[in-house]
Amino acid sequence: MANFAPSQSDADLLTHERTYHAFSVLIRWCVVALAVAITTLTLWFATPAGFFGGLITGVVLAVAGYFAVIRHEAKQPLDLWTEGR
């Protein structure tokens, strides 16, 4: 049976991994930005919380989103086949 394990010298595979990682980071930033925008605008215009209530909630949500979604991925190794991933 053929061995389909990827080699580290395959340039196309490493380029693909980097592109996928960059796309994944972009999507994570977009998800956090959309969550912050929707929450802030909803609290600002649709509730009595007003501008400052929406702003404070948006900042708290942005910080929580950064630590929960974006920073978590930054600690992962780029190579998908390393131990501990």
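Laboratory data are not the source of any read-out in this text; all were calculated from the coordinates shown. Only a predicted model underlies this, so the values are computations on that prediction, with no experimental measurement involved. Neighbour counts run over all protein chains shown; Cβ positions are idealised from the backbone, glycine included.
Using the Karplus curve 6.51 cos²θ - 1.76 cosθ + 1.60 with θ = phi - 60°, what ³J(HN,Hα) values do you get for each residue of the stretch 33-44, in whole Hz, with x for Gly and Pro?
5, 5, 4, 5, 5, 5, 5, 5, 5, 5, 5, 5
When Tyr66, Tyr20 are ordered from fewest to most other Cβ atoms inside 10 Å of their Cβ, what list results? If you can, show how the numbers build up before the last one.
Numbers: Tyr66 16, Tyr20 12.
With the sparsest Cβ surroundings first, the list reads Tyr20, Tyr66.
Rank the residues Ile27, Ile70 as a footprinting-exposure proxy: fewest other Cβ atoms within 10 Å of their Cβ go first.
Details: Ile27 11, Ile70 14.
The order, fewest Cβ neighbours first, is Ile27, Ile70.
Assuming 0.36 nm per residue, please report the length gained on full extension of the stretch Val60 to His16 beyond their Cα-Cα distance.
Details: separation 44, 0.36 × 44 = 15.84 nm, distance 3.45 nm.
Full-extension gain reported as 12.4 nm.
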